[in-house]
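The block underneath contains the structure these notes are about, expressed in structure tokens.
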Amino acid sequence: MERRTLSNSVDGRTRRRDATRLKIFEAAVGLIAEQGFTATTVDEIAERAGVAKGTVFYNFTSKTALYEELLRYGVGLLAEESRTAIEGLPPREAITALIGAQLSYIQRYRAFAQLLLAEMWRTNREWQQTILLVREQAISVIAEVLEAGVASGDFPPELDPRISASALFGAGLVVALDWLIFSPERPVEEVQAGLVAVLRSRPSL
């Protein structure tokens, strides 16, 4: 009984910590998207997240570290949701599920998608290496599905999984932002179906 109580206590602390980090993530990306990284203060992030300033620094050691961790954390969430969405699916169905997961994620965290897209175009940031790492993390999930599809014969052998994964990730990111800016009233399922239809028109996918 004591061991179970200790385990429940640890699980509870983990859930609270994860919930706190998510609140800080949502507050920070929203503020940075609204007013830029330089103009955003830790005090503002703490206030919007509803936590103490010390809690922000407990989770993220500095403002620069905060931004880098936000990028890692945001893409980590996307990768985790993508892996959950494709679990047990064959390659062709997994591609459709990946598109749906990416669109749904960006619908919830539009500000983060805008930040990620903007930072991927910049080369003079001190966290550029972090951008390269999180981009690789996001694309790797797609590449694994494509590699499995090539190996199983679902996709043609000439398909390059890395290039195709980059194309799929970029297309999903741009299409999602275009959708949310210009026609947010359209349901995510409709946008997903439209993007999948374009991809299905290509013999390789």
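Taking A85 as the residue in question, decide whether it is closer than 24 Å to D178 by Cβ, surrounded by fewer than 21 Cβ atoms within 10 Å (Cβ to Cβ) and without any contact (Cβ under 8 Å) to a residue 40 or more places away in the chain.
yes
Output the helices (runs of 4 or more DSSP H) that fall wholly within the stretch 85-157 and possess 3 or more residues being modelled with pLDDT under 85, or say none.
110-120, 128-152
Could you grab the pairs with beta carbons closer than 7 Å, sequence gap of 6+ or different chains, first residue in the stretch 130-157 and free of Cβ contacts under 8 Å to residues at least 24 places away in the same chain and of a type outside the set (S, T, Y), second one outside any helix (DSSP H, G or I) and exposed (fewer than 15 other Cβ atoms within 10 Å of the Cβ)?
V150/P157
Taking the stretch 158-196 as the search range and keeping residues that are outside any helix (DSSP H, G or I) and either in contact with a Cys (Cβ under 8 Å, 6 or more places away or on another chain) or of a type outside the set (K, R) (or both), which one is surrounded by the most Cβ atoms within 10 Å (Cβ to Cβ)?
L159
Inspect the stretch 5-19 for any residue being closer than 30 Å to D178 by Cα, open to solvent by 10 Å² or more (accessible area, probe 1.4 Å) and small (G, A, S) and give the result as yes or no.
Taking every residue of the stretch 5-19 in turn, at least one turns out to be closer than 30 Å to D178 by Cα, open to solvent by 10 Å² or more (accessible area, probe 1.4 Å) and small (G, A, S).
On the given criteria, is Q137 surrounded by fewer than 21 Cβ atoms within 10 Å (Cβ to Cβ) and farther than 16 Å from A165 by Cα?
Against the criterion (surrounded by fewer than 21 Cβ atoms within 10 Å (Cβ to Cβ) and farther than 16 Å from A165 by Cα), Q137 does not qualify.
Looking only at residues that are at pLDDT 90 or above and surrounded by fewer than 20 Cβ atoms within 10 Å (Cβ to Cβ) in the stretch 22-45, which one is nearest to G76 (Cα to Cα)?
Selected residue: K23.
The values are calculated or read from the model by the stated rules, or taken from the named source; none is laboratory data. All of these numbers come straight from a predicted model, not from anything done at the bench. Using ideal geometry, Cβ is built from the backbone for each residue, glycine included, and neighbour counts are taken over all protein chains shown. Each accessible area value is taken on the protein alone, full model and side chains, heavy atoms only, with ligands, DNA and RNA left out. Shrake-Rupley method; radii C 1.70, N 1.55, O 1.52, S 1.80 Å.
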